[in-house]
Each structure stands twice: as structure tokens, then as C-alpha cells.
1. Here are THR217, THR244: which of them is within 17 Å of the chain's Cα centre (by Cα) and over 15 Å from ASN316 (Cα atoms)?
2. Suppose we filter segment 2-26 for residues that are hydrophobic (A, V, I, L, M, F, W, C) and either on the phi > 0 side of the Ramachandran plot or buried (at least 20 other Cβ atoms within 10 Å of the Cβ) (or both); how many remain?
3. Does SER170 satisfy being modelled with pLDDT of 95 or more, within 19 Å of ALA26 (Cβ to Cβ) and either touching a Lys or Arg at 6+ places or on another chain (Cβ under 8 Å) or not in a helix (DSSP H, G or I) (or both)?
4. Kindly provide the set of residues from segment 290-307 that are at pLDDT 95 or above and in a helix (DSSP H, G or I), ordered by number.
5. Need the failing condition index for ILE251 against (1) assigned to a helix (DSSP H, G or I); (2) surrounded by fewer than 20 Cβ atoms within 10 Å (Cβ to Cβ), just the number.
6. LEU232 - would you say it is over 15 Å from VAL191 (Cβ atoms), touching a residue at least 40 places away in the same chain (Cβ under 8 Å) and surrounded by 13 or more Cβ atoms within 10 Å (Cβ to Cβ)?
7. If only one of PHE185, PHE138, PHE164, PHE108 is within 21 Å of the chain's Cα centre (by Cα) and without any contact (Cβ under 8 Å) to a residue 12 or more places away in the chain, which one is it?
Amino acid sequence: MKITQLIKFWVINSRYHALAQSLLPALLALCLAAGHKDFSLTLALLAVVGVEMVHMGVNLLDDYFDYSHQHSSYRDLMAREGMRARVAKCPYLTTGQATLGQLLTASFICWALALAVGLPILLTRGMPVLWLITLTAFLGITYSGWPLRLSYRGLGELEIGAIFGPLLMSGVYYSACGTFSSSLFLISIPVGLLVMNIIYAHSIMDVEPDKKVGKMTLAVLAKSSSARLIILALVLILPYVLVTAGVAAKILYWPHLLVLFTLPLAVALFKLMVQYVREPSQPIRRHFWMGPMNRWETVKANGIEWFMIRWYLARNLLLFFCCSVMAARLITKILGAN
């Protein structure tokens, strides 16, 4: 296999379509750091690249630990029992296109590249960068790996929220300008919740397969459909409560209330998840205001629109929320408030 084909192969298998979950918070942190007197675009861009390398490495490690733990037999069982989720995970392993050893090597290469781009940041910004990298790496590895295996103990979604919100955004922000910010931290919590929302909505749709393989996600831990939906409602509403409270407390400026324009997307997602839980066979409708949904005709042809419309909507909610905060930052700068 040629080197370009090999790179493409592992980029695809690292679930590149999910990289928006880290790229959007990273770019938002870069945007919020811009204009600071010690801002460095070079270090900021290196931090963003490092974040994406770590994300790819973590995704590949997740496949490694997941496959090593359960192998492929349980996916065949779920397919025979008519379960729609999780049966296609790690297809490159189940079809023999790659071995576990090759998978582990690809993951290590991603981690090595992340360390390489992180070294100039560490040398420039100092030890706080090292502590953030170490903590994030530890949590990323133990998401599905030993010793914690948090995704098997009902804590995986909360861990994802912490990694992709406060830790990631604080890391990029500090790399960019060498300091931390209370307003950045307040914004990072809602962003982390919305990333968590993507994973949690997914886990609601995966709840039966996850029970089969003994994976204790937050959705499985919730026990009942009603409890799962209550948690989802809290995850969706808290970002707006926190931003509004931040404006009221004058930690954030009033343009941040632009995020309220994304609330209809949150409501639409919640309704679709209620429909999935209570009437899964009911037809779904895609609307233009739900945002971009790539290759929709292909998705429909493959019969997975029931899953992808909810995944896309959760991703687009994060996208539009981050864009709203970026717009708020721009307006604030124009008004000379900060």
C-alpha cells in the first residue's frame, strides 16, 4: 500500500468525521485568544494540529481496547438479533484489512506527531502546558483503556465533556497567549456539554447493544427511558443557562446571548430523541434549518437516516453554538468592550 493510501486508510478509520468535536472547540479557543497582547498565531495553530492528532490517536486506541475486549463475535450476534447500532464498528479489523498491532502502531504515530508539534509550545509557554497534556492524555487513554475504563463505568460521557470542553479549550487558549481566562472557562463548560451531548445521544441509540457487551454508558446507567431523556434535557439546557448567568454576572458580555438563537436546534434534537425512544419506527423529516448533513442521499440509501439525522443535528448544534460565540467575540471587539 502506498504511503498516501496508507495515510488515507488510517485517517478514515480514525473516524475523521468526528474530528469536528475537537476542531470546533479548538478554533473557538483560538478565536477567543486572538487580540491578547501575547497572542501567537503559530503556537495557536500548532495547538490545534496537536489536538487533532491526539483526537485521532484516542479514537484509534478506543477501537483497539474495544475490539480487544469484545472481539467481533458480539457484533455478529447483535446483527442476527436485529440491533441497528454498533454492528459496524472496527470494520477494518473484522474484515482483516488491518491487525491489532498495525492499529496500535497507527495510534502511537498520531500521539508522536502530537508530541512533536507540542514541544515548541511547551518550550515557549512552560509547565502548565505539560500538565494539561498529561491529564488530557491520561483521560483520553483511560476512556476505554485500563486502568479506569471510564466508558464502561458510566463516566465516559462526562469525561468527554471535560476533555473537549475545559481541558481542550484551556490548553489551546494558554498555548496561544500564555494565560488563562475566567470567561474562556465559563464558555468551555457549555461547549464541553454540547460535545458530551453528541456522545450521549449516540449512547441512547446504542443502549441495547451496550447492555449486551457490558458497556456501562451513562444511558445504560440511567436504567429507564424517562431518566435518559431527563439527563438529555439537562445536558441541552445547561449551556444556555450558564451563558445567560455569565452575562447576568457580567463575566460575559451581552453579545454572548446570540447563542440563544441555536436553542431551536436543541429543542428539535430533544424531540427527535423522544421520538426515537418512544416511537422509533415513526418517519423522520429533515429540514434545511437543521444545518449541513453531508451525503444525505447516500445516508438514506444505506438506511441509516434514523441515526445520522440525530448525529448530524447534535454536531450542528455544537457548530452553530461555537459560531455564535465567535460572532459575540467579534461584536464585543468592535464595540470596544474587551
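The values are calculated or read from the model by the stated rules, or taken from the named source; none is laboratory data. A quick note: this is a predicted structure, and the numbers were derived from the prediction, not measured. Using ideal geometry, Cβ is built from the backbone for each residue, glycine included, and neighbour counts are taken over all protein chains shown.
1. Numbers: THR244 fails: within 17 Å of the chain's Cα centre (by Cα).
Testing whether each residue is within 17 Å of the chain's Cα centre (by Cα) and over 15 Å from ASN316 (Cα atoms) leaves just THR217.
2. Residues flagged as hydrophobic (A, V, I, L, M, F, W, C) and either on the phi > 0 side of the Ramachandran plot or buried (at least 20 other Cβ atoms within 10 Å of the Cβ) (or both) within segment 2-26 amount to 3.
3. On the way: modelled with pLDDT of 95 or more: yes; within 19 Å of ALA26 (Cβ to Cβ): yes; either touching a Lys or Arg at 6+ places or on another chain (Cβ under 8 Å) or not in a helix (DSSP H, G or I) (or both): no.
It is false that SER170 is modelled with pLDDT of 95 or more, within 19 Å of ALA26 (Cβ to Cβ) and either touching a Lys or Arg at 6+ places or on another chain (Cβ under 8 Å) or not in a helix (DSSP H, G or I) (or both).
4. Scanning segment 290-307 gives a single hit, MET290.
5. That leaves (1) as the condition not met.
6. Values: over 15 Å from VAL191 (Cβ atoms): yes; touching a residue at least 40 places away in the same chain (Cβ under 8 Å): yes; surrounded by 13 or more Cβ atoms within 10 Å (Cβ to Cβ): yes.
The answer is yes for LEU232.
7. Just one listed residue meets the conditions, PHE138.
Quick grid of which residues meet (1) in a loop (DSSP other than H, G, I, E, B); (2) among the hydrophobic types (A, V, I, L, M, F, W, C); (3) modelled with pLDDT of 85 or more:
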{"residue": "MET1", "(1), (2), (3)": "yes, yes, no"}
{"residue": "LEU6", "(1), (2), (3)": "no, yes, yes"}
{"residue": "LEU32", "(1), (2), (3)": "no, yes, yes"}
{"residue": "GLY35", "(1), (2), (3)": "yes, no, yes"}
{"residue": "VAL58", "(1), (2), (3)": "no, yes, yes"}
{"residue": "SER68", "(1), (2), (3)": "no, no, no"}
{"residue": "TYR74", "(1), (2), (3)": "no, no, no"}
{"residue": "VAL87", "(1), (2), (3)": "yes, yes, no"}
